[in-house]
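Scroll down for the structure; my scribbles are underneath it.
The values are calculated or read from the model by the stated rules, or taken from the named source; none is laboratory data. What you see is a predicted model; the values in this text were computed from it and never measured. Methodologically, a virtual Cβ is constructed for each residue, glycine included, from the backbone with ideal geometry; neighbour enumeration extends over all protein chains shown. Accessible surface is based on the protein model in full, side chains and every heavy atom, while ligands, DNA and RNA are left aside. Shrake-Rupley method; radii C 1.70, N 1.55, O 1.52, S 1.80 Å.
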Amino acid sequence: EPEVTQTPSHQVTQMGQEVILRCVPISNHLYFYWYRQILGQKVEFLVSFYNNEISEKSEIFDDQFSVERPDGSNFTLKIRSTKLEDSAMYFCASLSQSVPGELFFGEGSRLTVL
Amino acid sequence: KQEVTQIPAALSVPEGENLVLNCSFTDSAIYNLQWFRQDPGKGLTSLLLIQSSQREQTSGRLNASLDKSSGRSTLYIAASQPGDSATYLCAVKGGTYKYIFGTGTRLKVLA
């Protein structure tokens, strides 16, 4: 069964460093997402991506964040200069194109900023 | 702005009990509602998706209902088992393509 895969599963970084989180969405899906979940809190929408551009972003997704699909399969989230409060689980998701539009998630990348 | 709330926040039940988890949303103009399961430290597993034109969906021991006009959905779990212990999340999709998540219900089923 096709699945969304994310790497790395866990990354530890120093404050101020750049981080890139990678995702391979399900191959025939066209909408891709990044969500984050701070420990003990709700899952929050960051950004949606369609046709090689951002279709919607939240107020959390400020200038330090960027997304791209560099090669037609990978979908990346870059955090330019990490802060302590960026420590969270980051989830990639992709949306099925079948009529119901079911959302499928990866296992997540845990980011720890020290 | 869509707000999604889940009650109760936590629930502990003995094995074998039937239980109901609640999800409410403030804007009834939704296209889909999806229920997920999340195990500690893990990703989200899709359980059931209900389109706005549907009133319920069933999968095994799970049944989800949707009342759009009142802004509510329930997830019914029959004959609960210890393996059902997890956090259950509901998420709604409105006019855009993003899903907005609820606060979750942490379920513990005692053997």
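For chain A, which semi-axes, largest first and in whole Å, follow from the square roots of 5 times the eigenvalues of its Cα gyration tensor?
Numbers: eigenvalues 105, 40, 35 Å².
Over the Cα atoms of chain A, the ellipsoid semi-axes are 23, 14, 13 Å.
Residue-wise HN-Hα couplings along region A:77-85, as the Karplus relation 6.51 cos²θ - 1.76 cosθ + 1.60 with θ = phi - 60° gives them from phi, are 10, 10, 10, 5, 9, 5, 10, 4, 6 Hz; Gly and Pro carry x. Computed 3J(HN,Hα) for region B:74-84, one whole-Hz value per residue from the Karplus formula 6.51 cos²θ - 1.76 cosθ + 1.60 where θ = phi - 60°, is 10, 10, 9, 10, 8, 6, 4, 10, x, x, 7, glycine and proline marked x.
Which FRET efficiency, nearest 0.05, do A:GLN41 and A:SER81 yield, Cβ-Cβ r, R0 25 Å? Efficiency computed from Cβ-Cβ geometry: 0.65. Taking amide H atoms as placed 1.01 Å from N in the peptide plane, the amide H of B:GLY104 lies under 5 Å from those of B:GLN6, B:CYS90, each 5 or more residues away in sequence or on another chain. In this simple spin-label approximation, A:SER55 and B:GLU56 carry label points 7 Å from Cα along the Cα→Cβ vector, and these lie 3.2 nm apart. In this structure the amide hydrogen of B:GLU17, modeled in the peptide plane, comes within under 5 Å of the amide hydrogens of B:SER80, none closer than 5 places in sequence on its chain. Applying the Karplus relation 6.51 cos²θ - 1.76 cosθ + 1.60 with θ = phi - 60° to region A:19-27 yields 3J(HN,Hα) values of 10, 10, 9, 10, 9, 10, x, 5, 4 Hz, where x marks Gly and Pro. The modelled label-to-label distance for the pair A:HIS10/A:SER66, using points 7 Å beyond Cα in the direction of Cβ, is 3.0 nm. For each pair in A:LYS57/B:LYS1; A:LYS57/B:LYS93; B:LYS1/B:LYS68; A:LYS83/B:LYS42; B:LYS68/B:LYS93; A:LYS42/B:LYS93, compute the distance between the two Cα atoms and list the pairs where it is over 18 Å. Checking Cα-Cα distances, A:LYS83/B:LYS42 exceed 18 Å. Picking from B:PRO14, B:PRO40, B:PRO82, which is most flexible by a Gaussian network model of chain B using Cα springs under 10 Å? The residue that fluctuates most here is B:PRO40.
Modelled spin labels at A:SER98 and B:ALA78, positioned 7 Å past Cα toward Cβ, are 2.3 nm from each other.
In Å², nearest 100, what accessible area do chains A and B bury in total when the solvent probe is 1.4 Å? Counting protein atoms only, the buried area is about 1700 Å². The calculated FRET efficiency for A:GLU18 paired with B:LYS1, based on their beta-carbon distance and R0 = 22 Å, is about 0.10. Per residue, the convex hull spanned by the Cα atoms of region B:32-111 measures out at 98 cubic angstrom.
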